[in-house]
Amino acid sequence: MERRKRIGILTSGGDCPGLNAVIRSVVKCASRQGWDVYGIPYGTDGFIRVTQGLCSPEELKLSDHGYDIPGLLHGLDVLQFLSGSILGSLSRGNPRDPHVQAEILAGYERLGLDALIAIGGDGSLEIICQLAEKGNWNVIGIPKTIDNDVPFTEQSVGYNTAVDTVTKMLYDLTFTAASHDRVMVVQVMGRDAGHLALNAGIAGGADVILIPELVPILNSMVVDQICQRLESLRHNRRKFALVVISEGVKNQDGEKEKYIGDRLAEQIHQRSRELCGVHDESACELTQVDTRSNVLGHIQRSGTPNAFDRLLGTAFGKKAIDLIAEGTYNQLVVWRNGQVQACSLDDVMPIIRQCHQENRCPGPVQLDSCMVQVAESLGIYIGIDIANQNASSLPRSTAIPVID
């Protein structure tokens, strides 16, 4: 009798909505193939636990009906509705210690896996692909991150829900800003990519959106133009404003700052006072405005996954099982042109590794993207004139090799 195929699955890096939908899909689809799925706890650390005897292979086997909940809901399949990861996840650094790597590789071998499905962002995928090369693993990657900065895919699991979450927060903050005639500066996540700030900012009605691709540094020219934009709103009888800034924008010294939103709020207040002092009367009224900063924090990674992320995660999980059934490994599952497709990790990883070496974002907002043009057409200040001065140095859209 042919041995049942054994598939491992893990989540690595920061959590996000939709991870459990992927896990659910993988287990259901694999069960229909007659395969066993083993959930690796806490990313690659789970392999170390297996090696050290802290958990047995049988303890890691996943059933196709999700949680067994006591009482009337016993056996109800609820995974696709839950945020976070039932497997747990770690977002610490690369396991470079040869002893640690040896324990990870030994754990994989002890489980006797035929393939591993790794759900992670660009950093996690780089680490897992390095381990896969050493251990000769069969790997399928599934992109997940609210930053949406994994190259070769238009959407990563978790991003769409995060846009919804930030949009709702911006909507709520708008009424506080309007009630008190305030300028609300809202700092959002995204690491070195501005996708979350740009799309949520447009959907949330922001007047100013700052992302690292268009405004790499928060210099005096940017602050002056923001003050001009805010004053023009007040001149048109809008006494409040909403400013969105991505955490990847650097301060005037070209360095990352944990609370860059606070710095911008201070600069707006200080610069408006300076302009008023040199008899720019249009800026004097702005000195009386209460400017507040809000850091949305990790709540952007939480919340119930929306319908799109449940569908995307489910479709990604199904595609991963299809690839394994075909014997097609070393692939990244991607969303492209409204379809789930796959591309070779041999094409993806060199780009990710080069970008990491050069301290660049592997999946930035493109200058020619639709939403950049939308924001500009709506009159949202996005620093586009500044960005165009260095347009030749910024990445453009990349052709994506696809395997149907």
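The values are calculated or read from the model by the stated rules, or taken from the named source; none is laboratory data. The shown structure was predicted, so the numbers you read here are calculated from the model rather than taken from an experiment. Every residue, glycine as well, gets a Cβ built from its backbone with ideal geometry; the counts of neighbours run over all protein chains shown. With ligands, DNA and RNA removed, areas are computed over all heavy atoms of the protein, side chains included. Shrake-Rupley method; radii C 1.70, N 1.55, O 1.52, S 1.80 Å.
Some values worked out for this structure:
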item: Phi to ³J(HN,Hα) by Karplus 6.51 cos²θ - 1.76 cosθ + 1.60 over the stretch 202-207, Hz, x for Gly, Pro; result: 5, 5, x, x, 5, 8
item: Folded to 0 to 90 degrees: helix 98-111 orientation relative to the chain principal axis, Cα; result: 50 degrees
item: Listed residues Ala102, Leu19, Ile268: farthest to the positive end of the dipole of the chain (Cβ charges); result: Leu19
item: Per residue accessible area of the chain, 1.4 Å probe, in Å²; result: 45 Å²
item: The chain: relative contact order in percent, alpha carbon pairs under 8 Å with at least 6 residues between; result: 20 percent
item: Protection proxy ranking of 95-102, 216-223 - average other beta-carbon atoms within 10 Å, highest first; result: 216-223, 95-102
item: Within the chain, helix-based [θ] at 222 nm, where runs of 4 or more DSSP H residues each add -39,500 (n - 2.57), nearest 500; result: -13000 deg cm²/dmol
item: Student exercise, the stretch 111-186 dipole from Lys, Arg, Asp, Glu Cβ charges, in Debye to nearest 20; result: 160 debye
item: Extension gain, Asp262 back to Arg96 (0.36 nm per residue minus Cα-Cα distance, nm); result: 56.2 nm
item: Lys/Arg +1, Asp/Glu -1 at C-beta; the chain dipole; positive extreme among Val365, Met349, Thr51; result: Thr51
item: Debye, to nearest 20: dipole size of the chain, +1 on Lys, Arg Cβ, -1 on Asp, Glu Cβ; result: 680 debye
item: Along the chain, longest interval not containing exposed chymotrypsin sites (Phe, Trp or Tyr not before Pro), exposed being DSSP loop plus at most 16 other Cβ atoms within 10 Å; result: 68-258
item: Amide H contacts of Val185 (H built 1.01 Å from N, under 5 Å, at least 5 apart or other chain); result: Val243, Arg292, Ser293, Asn294
item: Net charge of neighbours whose Cβ lies under 11 Å from the Cβ of Gly194, counting Lys and Arg as +1 and Asp and Glu as -1; result: -4
item: By average C-beta atoms within 10 angstrom, highest first, the peptides 128-136, 353-361; result: 128-136, 353-361
item: Share of carbon and sulfur in the accessible heavy-atom surface of the chain [1.4 Å probe, %]; result: 48 percent
item: Loop sites in the stretch 181-261: trypsin sites (Lys or Arg not before Pro), DSSP, at most 15 other Cβ within 10 Å; result: Arg237, Arg238, Lys239, Lys256, Lys258
item: Whole-angstrom gap from the stretch 165-202 to the stretch 237-265, using each part's C-alpha centre; result: 11 Å
item: Amide H contacts under 5 Å for Val334, placed H, 5+ residues apart; result: Gln341, Ala342, Cys343
